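What follows is a set of notes on a single structure, which appears directly below.
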Amino acid sequence: MKAAQANLVGSQPAEHSLRNKSVVSGNYSYWRFRMMYSMMAGYAAFYFMRSNFSAAIPFLESEMGYTKTKIGLIITTAAMAYGFGKGISGLLSDRCNARYFMTAGLLLSAIVNFCMGFSEVWWLFLVLWTLNSCFQSMGWPPCARLLTHWFSPKEIGTKWAIWNASQQIGAGTILALSPFIISYFNWRYVFFVPAIFCIGFSFFLFNRLRDTPQSLGFPPIEEHHGLVASGANLDEENLSMREIIFGRILNNKLVWYVCCANFFLYFVRMSMFNWAPTFLQEFKGSTLLAAGCQTAAFDITGIFGGILAGYLSDKMFSGYRGRVGAIFMFLLAFCVVFLWKSPVSSTVLHTLGMLTIGFLVSGPQILVGVAATDFASKKAAGAASGLTGTVGYIGAAATGGIGYVVDTWGWDRAFFLIATSAVLGAIFFALTWNHRAKVLEEQT
């Protein structure tokens with residue numbers, strides 16, 4: 001009898017522990033789902049106030065009298081501000097609560113967009129849209145921080161790709177709604193409507209987001225997924241700002257390899273995005289409508305390409321992001337040549353080329369951010385992804401030179417340059433072929 005009582009008493013702590021683990025696991029799952037849909041909705045909202053400018057361009061020309069040169073200067077200045085803002089926001093977001101940082105960026109961007117609806121003079125448009133880009137740069141880095149804290153290295157490629165679809169969702173939504181907004185009101189409301197919506201939505205985002213699992217009393221995600229022992233000291237949690245900048249970022253050759261890959265990747269991506277419609281019309285004989293549809297297909301298939309690349313890097317390649325990135329980039333180079341050399345007036349082949357290029361370019365774009373955080377540690381996730389973003393946007397800015405190349409040497413030389421950039425991007429990805437997150441290496 002006493003033995004039975006002893007066994008019963010001895011079993012109670014174990015049963016209690018199991019119940020506690022079950023409760024923690026259920027709560028963890030709830031919060032992970034909540035963080036994912038909140039981040040996706042929040043980042044899509046950022047795009048409501050980034051992609052709306054293009055809908056207003058025809059009216060800035062016809063009603064405000066702005067030349068294409070003036071509008072181009074607004075776009076170029078804002079792009080530079082966004083690129084460098086990503087780097088600065090990355091450093092700051094690693095030291096700040098992501099909940100506050102992301103919400104503040106969305107709210108401030110909304111306020112600037114609202115002011116743009118009242119603007120009359122060109123220089124004020126320039127200042128406000130550049131300021132908007134600075135606040136827009138506060139969206140990506142906190143999401144990188146949240147993703148790396150709420151999702152473990154063995155799954156983050158897939159989760160990052162799913163989250164990244166918010167870009168196409170946000171841009172597509174505002175571009176689809178803009179004609180209706182303008183027709184019922186006027187062009188200024190493409191700034192007013194997203195701004196008013198996002199001011200209200202920022203309070204919802206603040207309510208939904210939380211910073212890290214530890215802030216809610218949960219164990220770190222690596223411990224929850226059994227990648228480290230319970231109570232293990234994760235050294236990155238104690239990194240200083242100096243250690244993040246110099247130890248994990250600037251002196252990390254793997255991060256720089258990924259940055260270089262992103263430079264060439266963005267050169268390919270933005271060359272195709274900006275110049276493909278003109279190329280298809282001038283060089284391939286496509287109609288305006290066909291070229292527009294083919295370019296839209298380029299963006300849509302990117303969602304699926306990104307998800308596949310993330311899944312493959314998690315499941316088939318066990319966290320080796322560079323291997324997937326290199327394969328995608330070599331295939332991308334082939335598809336660029338395929339589009340370049342496809343017969344004139346062959347709409348089917350042109351569409352196939354744009355579909356495959358869009359599919360392949362999105363995967364490495366996602367893996368750049370994942371790989372950078374893998375190599376730098378999750379404590380430096382914002383800074384690492386911010387640096388890759390800055391270098392990537394330098395590559396995007398370089399695509400302005402495509403116009404000069406076409407004017408001077410023609411489309412053949414331009415597409416040779418784009419295909420070469422894809423190969424160079426693949427080479428830099430390949431330099432990280434045998435490297436992955438430290439916590440995954442320790443499991444083998």
For the condition open to solvent by 20 Å² or more (accessible area, probe 1.4 Å), out of contact with any Ser or Thr (no Cβ under 9 Å at 6 or more places or on another chain) and at pLDDT 80 or above, what is the one hit in Phe283, Phe263? Phe283
Residue in segment 344-354 that is nearest to the chain's Cα centre (by Cα), counting only those that are open to solvent by 70 Å² or more (accessible area, probe 1.4 Å) and at pLDDT 85 or above: Leu352
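Considering only segment 370-396, state which residues are among the aliphatic types (A, V, I, L, M) and open to solvent by 10 Å² or more (accessible area, probe 1.4 Å). Step through it out loud before you land on a result.
Filtering segment 370-396 for residues among the aliphatic types (A, V, I, L, M) gives 370-372, 376, 380-381, 383-384, 387, 391, 394, 396.
Matches in segment 370-396: Leu387, Val391, Ile394, Ala396.
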Within the set of pairs 6 or more residues apart or between chains, which connect a residue that is within 16 Å of Ile75 (Cβ to Cβ) inside segment 113-126 to a residue that is open to solvent by 10 Å² or more (accessible area, probe 1.4 Å) and polar (S, T, N, Q) with Cβ atoms less than 7 Å apart? Leu126/Thr77
Of the residues Ser29, Ser38, Ser62, which single one is within 19 Å of the chain's Cα centre (by Cα) and either of a type outside the set (A, V, I, L, M, F, W, C) or surrounded by fewer than 18 Cβ atoms within 10 Å (Cβ to Cβ) (or both)? Ser38
Given the options Gly410, Gly425, name the one that is out of contact with any helix residue (DSSP H, G or I) (no Cβ under 8 Å at 6 or more places or on another chain) and of a type outside the set (S, T, N, Q). Gly410
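Looking at Gly247, Gly292, which is the one that is open to solvent by less than 60 Å² (accessible area, probe 1.4 Å), in contact with a helix residue (DSSP H, G or I) (Cβ under 9 Å, 6 or more places away or on another chain), modelled with pLDDT under 85 and under 27 Å from Cys96 (Cβ atoms)?
On the way: Gly292 fails: under 27 Å from Cys96 (Cβ atoms).
The unique qualifying residue is Gly247.
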Does Ala98 meet the test of being within 22 Å of Ala397 (Cβ to Cβ) and open to solvent by less than 40 Å² (accessible area, probe 1.4 Å)? no
Taking segment 304-328 and the residues there that are open to solvent by less than 10 Å² (accessible area, probe 1.4 Å) and not aliphatic (A, V, I, L, M), the one that is farthest from Leu227 (Cα to Cα) would be Gly305
From the list Trp140, Trp129, Trp123, Trp187, exactly one residue is under 23 Å from Asn97 (Cβ atoms) and not aliphatic (A, V, I, L, M). Which is it? Trp140
If Met116 satisfies all but one of (1) over 17 Å from the mean Cα position of the chain (by Cα); (2) open to solvent by 30 Å² or more (accessible area, probe 1.4 Å), what's the number of the condition it fails? (2)
Restricting to segment 421-434, what's the tally of residues that are crowded, with 18+ Cβ neighbours inside 10 Å and more than 25 Å from Val337 (Cα to Cα)? 1
State yes or no: is Ala276 in a helix (DSSP H, G or I), on the phi < 0 side of the Ramachandran plot, of a type in the set (A, V, I, L, M) and open to solvent by less than 20 Å² (accessible area, probe 1.4 Å)? yes
Is it fair to say Ser109 is hydroxyl-bearing (Ser, Thr, Tyr) and closer than 15 Å to Arg188 by Cα? no
If you check Leu146 against the conditions, is it of a type outside the set (Ser, Thr, Tyr) and in contact with a helix residue (DSSP H, G or I) (Cβ under 7 Å, 6 or more places away or on another chain)? yes
Can you tell me which condition Pro142 does not meet? The list is (1) under 18 Å from the mean Cα position of the chain (by Cα); (2) at pLDDT below 90; (3) closer than 28 Å to Val439 by Cβ, and all the others hold. (2)
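Select from segment 74-104 the residues that are closer than 19 Å to Ser51 by Cβ and modelled with pLDDT under 80 and list them in ascending order.
Restricting attention to segment 74-104, the residues satisfying the condition of being closer than 19 Å to Ser51 by Cβ are 74-83, 85-86, 102.
Answer for segment 74-104, where residues must be closer than 19 Å to Ser51 by Cβ and modelled with pLDDT under 80: Ile75, Thr76.
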Restricting attention to segment 49-56, does a residue exist that is closer than 30 Å to Tyr266 by Cα, open to solvent by less than 60 Å² (accessible area, probe 1.4 Å), at pLDDT 65 or above and basic (Lys, Arg)? yes
Examine segment 356-363 for a residue that is open to solvent by less than 30 Å² (accessible area, probe 1.4 Å) and over 30 Å from Lys284 (Cα atoms), and state whether such a residue exists. no
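The values are calculated or read from the model by the stated rules, or taken from the named source; none is laboratory data. As the structure is a prediction and not an experimental result, all values here were calculated from the model. Glycine gets a Cβ as well: all are built from the backbone with ideal geometry, and neighbour counts include every protein chain shown. Keep in mind that these areas ignore ligands, DNA and RNA; they rest on the heavy atoms of the full protein, side chains included. Shrake-Rupley method; radii C 1.70, N 1.55, O 1.52, S 1.80 Å.
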